[in-house]
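**Q** Just dropping this structure here.
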Amino acid sequence: MDLKSAGSSPAFPIIQYNSFAYVINHLNIAATRKKPKIKILITRKTLMLINTLYRVGCVQRFLLSTEYRKGRRVRFAYISTPFFKQTPYFKSVRLVSTPSKRHTISLKSLRIITMSIRSSLIILSTPYGIVNHNEALRLRTGGLILCFIN
């Protein structure tokens with residue numbers, strides 16, 4: 001069975017299983033290879049994550065684009081990562097929750113962990129959307145831990 005009969009082709013990578021991992025992996029690759037710009041496929045979920053990373057400062061700029069390939073509309077985001085003298089803003093972005101293993105955190109635990117993480121950030125998926133740990137504390141909510149930014 002080839003990829004085309006399975007409903008997929010190499011022109012359209014499958015990101016529906018863990019779209020957050022797709023974005024995080026591309027950001028880490030861009031940081032390690034010192035690439036100032038990357039191009040990734042986007043969905044609604046990944047767009048919310050990119051917007052949160054932009055508010056936090058892990059993404060300097062992003063531009064949304066639409067292309068048509070083989071009669072299908074494909075949406076892309078061109079992401080610019082921040083560098084200072086050839087050094088990326090962040091060391092790494094670590095994925096915490098996966099579809100098979102979800103890590104949630106309560107408000108009480110989030111208050112305790114916030115005191116020990118110092119300059120790192122935790123990105124959470126909450127009922128109020130995707131926010132960082134400081135916004136989650138302000139909103140008085142816990143949630144699903146998506147990633148950890150050093």
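The values are calculated or read from the model by the stated rules, or taken from the named source; none is laboratory data. Fair warning: this is a prediction, and the values are worked out from it, not measured in the lab. When we count neighbours, we look across all protein chains shown, and the Cβ atoms used for this are built from the backbone with ideal geometry, even at glycine.
**Q** Any idea how many residues of the stretch 57-96 are among the hydrophobic types (A, V, I, L, M, F, W, C) and free of Cβ contacts under 8 Å to residues at least 60 places away in the same chain?
**A** Number of matching residues: 10.
**Q** Just the residues that are of a type in the set (Val, Ile, Thr), surrounded by 18 or more Cβ atoms within 10 Å (Cβ to Cβ) and either touching a Lys or Arg at 6+ places or on another chain (Cβ under 7 Å) or part of a strand (DSSP E or B) (or both), please, taken from the stretch 88-135.
**A** The answer is VAL93, ILE105, ILE122, ILE123, ILE130, VAL131.
**Q** Taking the options ILE42, ILE29, name whichever one is of a type outside the set (Ser, Thr, Tyr) and buried (at least 17 other Cβ atoms within 10 Å of the Cβ).
**A** Every option except ILE42 fails the conditions.
**Q** On to the next question. List every residue pair whose Cβ atoms lie under 6 Å apart, where the two residues are 6 or more positions apart in sequence or sit on different chains, the first residue falls within the stretch 32-53 and is without any contact (Cβ under 8 Å) to a residue 40 or more places away in the chain, and the second residue, located anywhere, is of a type outside the set (A, V, I, L, M, F, W, C) and surrounded by 13 or more Cβ atoms within 10 Å (Cβ to Cβ).
**A** ILE40/HIS26; ILE42/ARG75; THR43/SER19; LYS45/SER19; THR46/SER19
**Q** If you scan the stretch 13-42, which residues turn out to be at pLDDT 90 or above and in a loop (DSSP other than H, G, I, E, B)?
**A** ILE42
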